[in-house]
Amino acid sequence: MKEARLVKKAVKGNGKAFEELLIIHSERLYRTAFLYAGNREDALDIVQETSCKAFQAIGQLKNDQYFLTWLTRVLIHCAYDVLKKRKKELPVEKLVELPSKSDLKVAENLDLMEAITHLKEQHRTAIILFYYHDLAISEIARMMDTPENTVKTYLQRGRKELKNRLGGEHDGKENIS
């Protein structure tokens, strides 16, 4: 697999290989950053900060097959760092257009995005990784460095909080995505 070779080269210090890996995963990185930040400018700052920190720390990657897991974890930490530095609430008006077919769907997505930004850090991370990236609980547990049952608890509590904030039935995976 081409990606596996690129990871091996990047770990050994090859900047071009690392750049190619970032290009391969750029869309996913941006989407994840946007889910945390809620606006384009902060999302781009998070991706840039992630790229720098990951490049500096790539030699510490222990298992090449978990490159994307490791990179996502770096991004999550960078997202919280950037958001803490900015110390601001994310107004709904600043959210960019979300893909949907109707105005009602856009309004629901905006409400959901706003509700997600108000969740506790662990709950937000679990919800984003599970529902927006379709990751398995075991993978999320590895990324968050927590037991699988703790991730299940975060998801349960996050869904409950979202349901309370949105005032509706948002228990199922198909309803929140």
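Miscellaneous remarks
- Extension gain, residue 16 to residue 160: 0.36 nm times the residue separation minus the Cα-Cα distance gives 47.4 nm.
- Highest mean packing first, where packing is the average number of other Cβ atoms within 10 Å per residue, the peptides 153-165, 133-145, 52-64, 28-40 line up as 28-40, 153-165, 133-145, 52-64.
- Inter-site label distance for residue 149 and residue 24 at 7 Å from Cα along Cβ, in nm: 3.7
- Heavy-atom accessible surface of segment 1-54: percent carbon and sulfur, 1.4 Å: 54
- Per residue, segment 1-88 exposes an accessible area of 58 Å² to a 1.4 Å probe, with every protein chain left in place.
- Global form of segment 1-51, assessed from the alpha-carbon gyration tensor, a/c cut-off 1.5: prolate
- Potential extension, residue 132-residue 56 segment - 0.36 nm per residue separation minus Cα distance: 24.6 nm
- The length gained on full extension between residue 81 and residue 64, counted as 0.36 nm times the residue separation minus their Cα-Cα distance, comes to 3.6 nm.
The values are calculated or read from the model by the stated rules, or taken from the named source; none is laboratory data. Keep in mind it's a predicted model, so treat the numbers as computed, not measured. Note: ideal-geometry Cβ built from the backbone for every residue, glycine included; neighbour counts use all protein chains shown. Keep in mind that these areas ignore ligands, DNA and RNA; they rest on the heavy atoms of the full protein, side chains included. Shrake-Rupley method; radii C 1.70, N 1.55, O 1.52, S 1.80 Å.
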